[in-house]
Amino acid sequence: MEITTSQEQGRVPVTVLHVQGNIDSASYEQFQRRAEQAIKSGAKNLVIDLREVPYMSSAGLRALNAIYNQLREGEDPNAVTKGVSAGTYKSPHLKLLAPSKRVMETLKMSGFDMFLDIQSNLKDAVASF
């Protein structure tokens, strides 16, 4: 797996993680560690570019969940839980970019599409913050 990082400027600064390769049991730790490094370095708004990720396993989903939880620190957990349950909450700090059909099916089956905003192009993803 290869991960590169870029910075975009919309209304707020946005860090983009461009991922190439599968996010699975062999690579999820590298993926999660790279995202956590970006957050520790000050990234508050993160886009994960999944255009070149052909497959994501449950290990990849766990890593996404850990990243999501780290970015939502300080939010009212009750409001988030109620919003997710009602289908009205989308993370204001984590967006996904253009997952492949297979990865999108995984995100939908696991319910991640209920609380993560999924954009089809980088310009819209950056503007969504």
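The values are calculated or read from the model by the stated rules, or taken from the named source; none is laboratory data. What you see is a predicted model; the values in this text were computed from it and never measured. Ideal geometry is used to build each Cβ from the backbone, glycine not excepted, and the neighbour counts take in all protein chains shown.
State whether the residues of the range 102-115 include one that is among the aromatic types (Phe, Trp, Tyr), under 15 Å from Thr15 (Cβ atoms) and either modelled with pLDDT of 95 or more or within 14 Å of the chain's Cα centre (by Cα) (or both).
Initially, the range 102-115 is screened for residues among the aromatic types (Phe, Trp, Tyr), giving 112, 115.
So of that shortlist, the ones also under 15 Å from Thr15 (Cβ atoms) come out as none.
No, there is no match, as no residue in the range 102-115 is among the aromatic types (Phe, Trp, Tyr), under 15 Å from Thr15 (Cβ atoms) and either modelled with pLDDT of 95 or more or within 14 Å of the chain's Cα centre (by Cα) (or both).
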_Looking at the range 95-106, I want the residues that are touching a residue at least 40 places away in the same chain (Cβ under 8 Å) and have a partner that is buried (at least 22 other Cβ atoms within 10 Å of the Cβ) and in a helix (DSSP H, G or I) with Cβ atoms under 7 Å, at least 6 apart or on another chain. Which pairs are those?_
Lys95/Ala125; Leu97/Ala125
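Quick grid of which residues meet (1) at pLDDT 95 or above; (2) within 20 Å of Asn121 (Cβ to Cβ); (3) buried (at least 17 other Cβ atoms within 10 Å of the Cβ):
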position	(1), (2), (3)
Arg11	yes, yes, no
Lys44	yes, no, no
Leu50	yes, yes, yes
Asp76	no, no, no
*Considering only residues that are more than 13 Å from the chain's Cα centre (by Cα) and either among the aromatic types (Phe, Trp, Tyr) or surrounded by 14 or more Cβ atoms within 10 Å (Cβ to Cβ) (or both), look in the range 86-101 and name the one that is modelled with the lowest pLDDT.*
Tyr89
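Could you tell me how many of the residues in the range 13-33 are in a helix (DSSP H, G or I) and buried (at least 19 other Cβ atoms within 10 Å of the Cβ)?
Step one: filter the range 13-33 for residues in a helix (DSSP H, G or I), giving 28-33.
Filter once more, keeping what is buried (at least 19 other Cβ atoms within 10 Å of the Cβ): 28, 31-32.
The number of residues fulfilling the criteria is 3.
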*Residue check, Ile3 against (1) over 21 Å from Ala127 (Cα atoms); (2) at pLDDT 95 or above; (3) not in a strand (DSSP E or B), all met but one. Which one?*
(3)
*Report yes if some residue within the range 56-72 is modelled with pLDDT under 95 and not in a helix (DSSP H, G or I); otherwise report no.*
yes
